[in-house]
Amino acid sequence: MARDMSDKEILKMELDQLKKEVSTPRTPVNSNCAETVEFVEGLLPNDPLIKGVSDEKNPYKGDKGGCIIT
């Protein structure tokens, strides 16, 4: 796509992109990190990777047998 454009068109596209980026609202990293930690800790009680899955909800547990590799 860029090969078919003139240098002027490419520069105009870059300028438009930079104008969009300048108007993007910014927040400090420390507040973003605090919000992320709060979000993750809020989901912690229901996280199956931390808490584990009960036997009755686990589709891979039960009388299905297993796989034997010989």
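The values are calculated or read from the model by the stated rules, or taken from the named source; none is laboratory data. In this text, all values refer to a predicted model and were calculated from it rather than measured experimentally. All Cβ positions, glycine included, derive from the backbone under ideal geometry; neighbour counts span all protein chains shown.
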Among the residues of region 13-70, the number that are among the β-branched types (Val, Ile, Thr) and assigned to a helix (DSSP H, G or I) is 6
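Return yes when ASP47 is in contact with a Gly (Cβ under 9 Å, 6 or more places away or on another chain) and either of a type in the set (A, V, I, L, M) or modelled with pLDDT under 95 (or both) and no when it is not. Let's see the steps before the verdict.
Numbers: in contact with a Gly (Cβ under 9 Å, 6 or more places away or on another chain): no; either of a type in the set (A, V, I, L, M) or modelled with pLDDT under 95 (or both): yes.
Spelling it out, it is not the case that ASP47 is in contact with a Gly (Cβ under 9 Å, 6 or more places away or on another chain) and either of a type in the set (A, V, I, L, M) or modelled with pLDDT under 95 (or both).
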Those residues of region 1-12 which are surrounded by 10 or more Cβ atoms within 10 Å (Cβ to Cβ) and not in a helix (DSSP H, G or I), in sequence order = MET5
